[in-house]
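See structure below.
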Amino acid sequence: MNLDPIHLLLQTLLLLALAPLLSGTIRSWKAKLQNRRGPRPWQAFLDIAKFLRKDMVIPEHASWIFHFAPYVVFLSALLAGLMVPMLRIPAPLSLFGGALALVGLLALGRFFLALGGLDPASAFGGMGSSREMTVSAIAEPALMLAIFTVAITAGSTDLSQMARTTQSTAFNLLNPAHVLAFAAIFIVLLAETGRIPVDNPATHLELTMIHEAMLLEYSGRYLAYMEWGASVKQLVLMTLLVNVFFPVGLAGADAGPLALAFSLAAYAAKLLALCAAVVVVETTNAKLRLFRVPDLLSAAFVLAALALLSMFLFR
Amino acid sequence: MNLDRVSPDLRPIAEDIARRFGNRIDAWDTPRPNEVYVHASMDLAAGFCAHLHRRWNVRLIAVFADDFRNEGGVFHLYYALAADAAHGFVFLRAPVSPDTPQFTSLANAIPALNWQEREVQDMFGLKLVGHPNPRRCALHDDWPEVYPLRKDFGLHTVLPPFQGERHKFRQVEGEGVFQVPVGPVHAGIIEPGHFLFSVAGEPVLYLQLRMFYVHKGAEKLFEHLPPPHAVRLAESISGDSSFAHATAFCHAIERAANVEAPPRARGIRSVCLELERIYNHVADIGAICTDVAFVTAHMHAMRLKEAVLCACEELTGSRLLRGMACLGGVRFDWDAGQIALLRALTARLRPEFDSLVELIDGSSSTRDRLETTGILQPKVARDLGVVGIAGRASGFDHDLRRDFPHAAYDQVKISVPVYQAGDVKHRLQVRVDEVRESFSIVEQLAARLPAGPVRSEIGELPAGRVALGYVEGWRGEIFHWIRTAPGNRLARCKIKDPSLQNWPALSEAILGNIVPDFPVVNKSFNLSYSGTDR
């Protein structure tokens, strides 16, 4: 496998451009479903552009970690994104790592995000970091377990290889193991991207925040990287769901422009369908009590474990 | 002593007081049948209040002071008691000599008086004796030793900048215990208040409240305004209760002048009070849902609130009913079209409100967040004298509209929702029940609003009169007590907003809950910072 520079560049741009658009679309649809007019989907871009232009206010007690964290959060999400096949198999960086590297990179980003929340020693940042770590301590194993279910079929933890296996006609999309693992990752997606019922991305109440609490002290450029990084991470997880589990339309290594265009259209359609699911969940549910979030994530873990079990039972 | 003027309901209590405390009572005064003043020395206060509470289930609604030195050479301390079953108020008036400016605290026996007694101490410089925590309260530590409500303190006094030590917050210690300071400046458009959480992980061990960041000197200002202008000031005591506060003030003035608002004006007042209740309750129901991230219900609630506000504008010229209240009645009369609009409003809102309630009740995730959250035990509520919505969710079976019918509430059927559970869900439920009740009251009044004028003339106020005005606002009972001065002025205007009474209950309700549940518990009380600190 060669590193294809054009493909690499294309996927990087796609990640950067599509991620805020996706966040904006979710926000816009949510508003529509609540009888509001809401922001336009591309508002998320305008926000990032605005943050990039603004001056920063740096807390007095912040150390180098505070300055370092936004870059780590942003770049780790971006790197993780390059390991997931978006339009074409294999993914541009599939050579460098598979599912484990992806989970590891996301963990690295989260680790620095939590440190960045703790570093300025504000009361809310610490609460946010502690909650984020509590949530991810259960979300992460569930994610790993669910990915392993597919990895066992594929015989590889390489995400591109997994997508290829799923794409092959021999594989049944309605395999119970597959469905259970998908459900598990969907719950993890809600938790990892700070969605209702785990976290509320639209709240102004610092005491209830998880993800936003860690960002409270960030402003200007750093905030832009943090927000952008978070939306890229969301896109990565969503791509994982739609392309590894439903690699319909995903183009092969030697695909022409037409096949790529078809791949893009299929990809967009699948993402929008997933967005719609997230929007419905967010609109019809209240946030869980913080101490019930582990229950939800344990459910994800159990689903993933069942997926793994049924993998062997129904083989 | 002449008890003939006392209303028949209140007379047994007055006779009992005369029998039991007669030899220690210096004077009686009955300016109105349901308002009795007993003049006695300070030592009587504890026994007097305790006896009336035990024998007649009378509750202490306010403690306040009045600088009476120019007229009588002493300060007056008032203990205002409400006898709900007898539909009357009893006041104990105790002189405090300026030579020994101190008074005995009752806060140990009646915790509900904690802040009120300290407010008297801060504002009048009457030292508390025997108070468990006699620190500064209404005026912060950075105030110099001045007593703003004394007559010799000029309205335009400029105070020197802060010197000395800042406020020391109570320390809570232990392994893994952290203190989380929140405020006084908050996210969102709300008023300032400081909340210091002591937490072990997420559960709250202790919550210290520090209010009184918005002192505006309103009570002092009342003493310098002619009453018709003061109505506008009363409107701004708490912006979400502007009509209720203004009406309570007008009620006090009317009682002092022995003038009653005409029947039509009283009907219109009741309708406006109910409109204020509906728009605030509906907004709160939505806001409680927002705080548990059930935004859909919030958006529907905002839509309903907007409909009420638009109707308010059609009816009074102001979305928040500003400028409608006036001495002797109301400013504007309503024509048949406006009354039809009122009927159309309730007809439209009833089904929509029902479906909003159904939406909330049908959302199991929302119910899970609200039930058993932030429980205020009825016993604690009773000790703290919690009133209004929060009180009624914790077993407080009182409503001025039923027990002391003011405005046109004697013309309508009212049922008061009372629950014992005291959690967020039941504070929400009290609001739901009251909105439905308000629809019915508005319909009853709109159907038979008496004809006639909407305003009685109030001439110059006679000097030296005292009067209590009362209104059941949407948040709870509002009292305005006034004493008139020569030249159509007020010598004193004491304002009692339910928030002052209810804030300490929040500290109790949050205990054992987790930090992220605080916003929804706080919202379920929805107290006014401005009304607490006038």
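Whole Å is fine, so just give me how far the alpha carbon centre of the range B:402-418 lies from that of the range B:334-379.
Each part reduced to its Cα centre gives a spacing of 20 Å.
Based on the Cβ-Cβ distance from B:ARG303 to A:ARG53, what FRET efficiency comes out when R0 is 30 Å, to the nearest 0.05? Display every interim value, and only then the final one.
Values: r = 36 Å, r/R0 = 1.20.
Working from the Cβ atoms, E equals 0.25.
Using 1/(1 + (r/R0)^6) with R0 = 25 angstrom and r between the beta carbons of B:ALA50 and B:HIS140, what's the FRET efficiency to the nearest 0.05?
Values: r = 33 Å, r/R0 = 1.31.
Rounded to the nearest 0.05, the efficiency is 0.15.
Want the number for B:ASN133 to B:ASP410: 0.36 nm per residue separation, take away the alpha-carbon distance, what's left?
95.5 nm
Work out how much length B:PHE178 to B:GLU313 would gain on full extension: take 0.36 nm times their residue separation and subtract the Cα-Cα distance, in nm to one decimal. Provide the component values of the computation, followed by the final result.
Details: separation 135, 0.36 × 135 = 48.60 nm, distance 4.83 nm.
Fully extending the segment from B:PHE178 to B:GLU313 adds 43.8 nm.
For the range A:28-114, compute Rh as the Kirkwood radius over C-alpha pairs and then the Stokes-Einstein diffusion coefficient at 25 °C and 0.890 mPa s; write the answer in µm²/s, rounded to an integer.
Here the translational diffusion coefficient equals 154 µm²/s.
For a Förster distance of 51 Å, can you work out the FRET efficiency between the beta-carbons of A:SER298 and B:GLU260, rounded to the nearest 0.05?
Details: r = 66 Å, r/R0 = 1.30.
According to the calculation, E is roughly 0.15.
Given the -39500 (n - 2.57) contribution per DSSP H run of 4+ residues, what per-residue ellipticity at 222 nm results for the protein assembly as shown, rounded to the nearest 500 deg cm²/dmol?
Taken over the protein assembly as shown, the calculation gives -16500 deg cm²/dmol.
Quick check: the distance between the Cα centres of the range B:4-19 and the range A:33-50, to the nearest angstrom?
Cα centres, the range B:4-19 to the range A:33-50: 67 Å.
Name the residue, out of A:ALA269, A:ALA139, A:ALA80, whose mean-square fluctuation peaks in a Gaussian network model built on chain A with Cα pairs under 10 Å.
It is A:ALA269.
Quick one: among A:ASP47, A:ASP158, A:ASP199, which has the greatest mean-square fluctuation in a GNM of chain A with alpha-carbon springs under 10 angstrom?
Among A:ASP47, A:ASP158, A:ASP199, the largest GNM mean-square fluctuation belongs to A:ASP47.
Check B:GLY323: other-chain or 5+ apart residues with amide H under 5 Å from its amide H, H built from backbone geometry?
Counting only residues 5 or more places away or on other chains, the set is empty.
What translational diffusion coefficient, to the nearest whole µm²/s, does the range B:361-503 have by Stokes-Einstein, given a Kirkwood radius computed over alpha-carbon pairs, a temperature of 10 °C and 1.306 mPa s viscosity?
Approximately 90 µm²/s, per Stokes-Einstein.
In sequence order, what are the phi-derived ³J(HN,Hα) couplings for the range B:305-320 according to the Karplus relation 6.51 cos²θ - 1.76 cosθ + 1.60 with θ = phi - 60°, rounded to whole Hz, with x for glycine and proline?
4, 4, 4, 5, 4, 4, 5, 4, 5, 4, 8, 10, x, 9, 4, 9
Could I get the Rg over Rh figure for chain B? Both from C-alpha atoms, Rh via Kirkwood, rounded to two places.
Result for chain B is an Rg/Rh of 0.95.
In 10 Å bins starting at 0, how do the alpha-carbon pair distances of the range B:218-532 split up by percent?
6, 28, 34, 23, 8, 1, 0
In whole Å, what three semi-axes, largest first, describe the equivalent ellipsoid of the protein assembly as shown built from its Cα gyration tensor (square root of 5 times each eigenvalue)?
Each semi-axis is the square root of five times an eigenvalue, giving 62, 29, 23 Å.
Could you tell me the center-to-center distance, by alpha carbons, between the range B:488-510 and the range A:301-315 in angstrom?
61
Counting alpha carbon pairs within less than 8 Å and at least 6 residues apart, what relative contact order, in whole percent, applies to chain B? If you can, show how the numbers build up before the last one.
Values: 1046 pairs, mean separation 83.0, N = 534.
The normalised contact order for chain B reaches 16 percent.
For chain A, just list the percent of Cα-Cα distances falling in each 20 Å bin from zero outward, please.
33, 59, 8
Could you work out the equivalent-ellipsoid semi-axes for the range B:8-48, taking the square root of 5 times each eigenvalue of the Cα gyration tensor, largest first, in whole Å?
The three semi-axes for the range B:8-48 are 18, 12, 8 Å.
How long are the semi-axes of the equivalent ellipsoid of the range B:11-129, taking √(5λ) for every eigenvalue λ of the Cα gyration tensor, in whole Å from largest down? Each step should come with its number before you reach the end.
On the way: eigenvalues 103, 54, 31 Å².
For the range B:11-129, the ellipsoid semi-axes come out as 23, 16, 12 Å.
Bear in mind these aren't lab numbers, they're just calculated from the coordinates by the rules spelled out. Just so it is clear, the model here is predicted, and its values are computed rather than measured. Don't worry about glycine lacking a Cβ; one is built from the backbone with ideal geometry, like all the others, and counts go over all protein chains shown.
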